[in-house]
Amino acid sequence: MNSFLRLVAGTGLVAASLLLLASSARASWSDEELAALRDLRLVEGPAAPDPTNRWSADEAAAALGHRFFFDTRFSSNGSVSCATCHLPDQQFQDGLQLAQGVGTTTRRTMPIAGLDASPWLFWDGRKDSLWSQALGPLESPVEHGGDRVQYVRLVASAYRDDYERVFGKLPDLAGLPAHAGPNGPPAVRDAWEALPPQKRDAVNRVFANVGKAIAAYERKLQPGVSRFDRYVDAVVAGDDDAASTALGEEEEKGLRLFVGKANCTECHNGPQLTNHDFANTGVPPVPGLPADSGRAAGSGDVLADDFNCLGPYSDAKPETCRELRHLQSGHHAVRQYKVPSLRNVAERAPYMHAGQLPTLEAVLDHYDRAPAAPAGHSELRQLGLSFTEKKQLVSFLRTLSAPLATEAKWLAPPLAPGASAPVVAEKRGDGETTVEGSVVVAAPAARLLPVLTGLDEWPKLFRDVRAMKRAGGIWSVDNRAFGHAHPFRAVEAEGGVRLELADEHHGRASLDYRLEPVDEARARLTLRYFMTTPEQLTQEQVVQLLRKKATSDLQDFASNAPRFAARKEQP
């Protein structure tokens with residue numbers, strides 16, 4: 001080869017090497033950008049202990065909190081539990097614009113996975129620990145709607161042995177009225193004020209422990225490693241093949257915008273993709289809802305809370321309560337709301353504190369425009385994003401979704417003693433799907449059949465059912481699984497009930513529930529769901545929907561049916 005050819009060949013090799021280097025995922029990020037990416041990736045591991053809750057890492061407390069979390073008796077009407085708004089199969093939120101308990105709230109349900117890392121809870125930060133946060137909805141008139149004496153009496157009657165194994169002996173609760181608490185209607189507040197201070201303190205301690213058990217359970221709910229995290233691991237390791245598998249080209253461009261031009265990491269930083277702080281982002285109010293000042297009110301509420309870090313029911317040493325000790329309430333925080341984690345953000349529309357924005361696209365349009373705040377001062381600046389750039393950002397945000405890094409047993413209602421694990425199977429035909437399942441519970445079939453066929457109590461029996469209303473022989477069944485209310489015709493069936501879809505526009509569907517005795521003390525619920533594939537869904541989507549609903553219904557029946565049967569025993 002002559003000198004000229006060698007020079008050309010050598011130049012080609014150098015050019016090829018430079019091209020390979022330029023295409024390397026790691027080489028395409030600066031050292032500063034790589035450091036930022038490392039800070040954002042999730043490293044799985046146990047949650048850090050909570051100094052305000054000495055039972056935060058206690059397994060027995062978590063198991064008790066698991067039962068509390070799914071128990072609808074912790075409500076004024078017996079139909080609302082923590083899982084009513086924090087559904088395991090929806091990332092522990094509910095997909096609604098405003099949370100629905102015994103009434104309708106004025107804000108969106110927040111997801112709870114990973115919240116143990118946050119120093120402030122709720123959209124306005126009015127609580128400063130996971131256990132004190134759990135107590136708030138229990139006494140809210142539109143969430144659980146009950147009072148603390150009601151709940152303490154429930155613990156004493158239904159959970160005494162398990163409670164005392166974790167927290168020690170229950171105090172003397174003799175002489176307590178049926179209802180009393182500082183946050184209820186006038187009669188409930190008057191009954192609370194009439195109690196001696198020692199009784200109020202005893203009730204508060206048990207009530208606080210209810211929250212601490214629930215918090216020990218909620219610490220089990222941790223976000224899992226996403227495609228984004230795998231991408232960062234690959235880039236840091238210099239593994240180009242793994243990086244290109246983890247994120248596509250448009251998703252990677254969205255990530256560059258996320259840490260660059262769009263400036264998202266100003267607020268959404270750290271492994272949870274939140275700074276755990278509060279911001280006014282100019283979100284418009286919802287017409288018809290009362291005025292909401294956000295953090296301005298929440299900061300005063302947490303300072304006055306008996307259950308805060310410095311309160312008598314906290315297990316923390318005062319010096320560990322730095323955030324609370326340095327907190328100042330004031331008008332500067334008007335319409336500031338908590339910066340939520342972006343982990344699994346694509347799975348939990350609508351967005352913002354009152355669900356004002358329906359999609360991720362709408363959120364990015366809002367941030368791009370940076371409108372003036374309706375009150376206070378918006379912290380947004382116009383971004384000048386193109387339509388393509390916003391699409392790339394949405395593509396990246398979808399890579400943050402991942403199953404929770406949580407054992408399966410914590411993601412379903414706890415089985416009542418004597419219940420079997422639900423079994424679910426599917427059959428696919430030409431444009432139609434059938435899902436069948438069964439579960440055995442420790443309760444007589446004769447006592448459960450009236451509950452199942454009566455239909456009125458289904459919202460208490462199955463958490464998937466928001467409401468059922470009867471009109472002219474047609475039941476309007478409002479199921480979360482189906483997205484909105486559908487008319488069903490209840491048909492008598494031997495040993496159970498069948499619901500047939502009474503809306504021809506959605507094809508054909510039927511839900512069969514059949515109850516049979518296993519022996520004198522046990523019953524088996526067998527369900528069969530049938531659905532033709534509507535135009536707006538694929539058969540795979542129908543299969544997923546029916547499997548999810550069948551699993552949820554069987555889990556709920558296994559959890560709730562024995563309690564209903566025991567209630568029927570009472571004269």
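Can you tell me how the stretch 295-378 classifies by the Cα gyration tensor, rounded, prolate or oblate, using a/c under 1.5 as the rounded cut?
In terms of gyration-tensor shape, prolate.
So, with a 1.4 angstrom probe, what is the percent of accessible area on the chain that is carbon and sulfur?
The value for the chain is 53 percent carbon and sulfur by accessible area.
In Å², what does the accessible area per residue of the stretch 165-212 work out to with a 1.4 Å probe?
For the stretch 165-212, the solvent-accessible area averages 51 Å² per residue.
Ranking request for peptides 151-162, 206-217: highest mean number of other beta-carbon atoms within 10 Å first, then the rest in descending order.
With the highest mean Cβ count within 10 Å placed first, the list reads 206-217, 151-162.
Across the stretch 132-138, in residue order, what do the Karplus-derived ³J(HN,Hα) couplings come to in whole Hz, using 6.51 cos²θ - 1.76 cosθ + 1.60 with θ = phi - 60° and x for Gly and Pro?
Using θ = phi - 60°, the values come out as 6, 4, 4, 6, x, x, 4 Hz.
Dipole size in debye (nearest 20) for the stretch 477-571 around its Cα centre, Lys and Arg Cβ +1, Asp and Glu Cβ -1?
Approximately 280 debye in magnitude.
Dipole of the chain, Cα-centred, from +1 at each Lys and Arg C-beta and -1 at each Asp and Glu C-beta, to the nearest 20 debye?
Using Cβ point charges on Lys, Arg, Asp and Glu, the chain gives about 660 debye.
Counting only heavy atoms of protein chains, what accessible area per residue, in Å², does the stretch 90-149 have with a probe of 1.4 Å?
26
Taking only protein heavy atoms into account and a 1.4 Å probe, give the accessible area per residue of the stretch 462-571 in Å².
51
Sort by residue number and report every cysteine in the chain with no other cysteine beta carbon within a distance under 4.7 Å.
That list is 82, 85, 264, 267.
A 29 angstrom limit on the alpha carbon distance is what I want to check against. Which of 317/409; 220/391; 220/338; 169/548 exceed it?
317/409; 220/391; 169/548
How big is the Rg/Rh ratio for the stretch 442-560, C-alpha atoms only, Rh by Kirkwood, two decimals?
A ratio of 0.96.
The values are calculated or read from the model by the stated rules, or taken from the named source; none is laboratory data. Bear in mind that the values here come from a model prediction, so they are computed numbers and not experimental data. In this analysis, Cβ positions are derived from the backbone assuming ideal geometry, glycine residues included, and neighbour counts consider all displayed protein chains. For accessibility, only protein heavy atoms count, side chains too; no ligands or nucleic acids. Shrake-Rupley method; radii C 1.70, N 1.55, O 1.52, S 1.80 Å.
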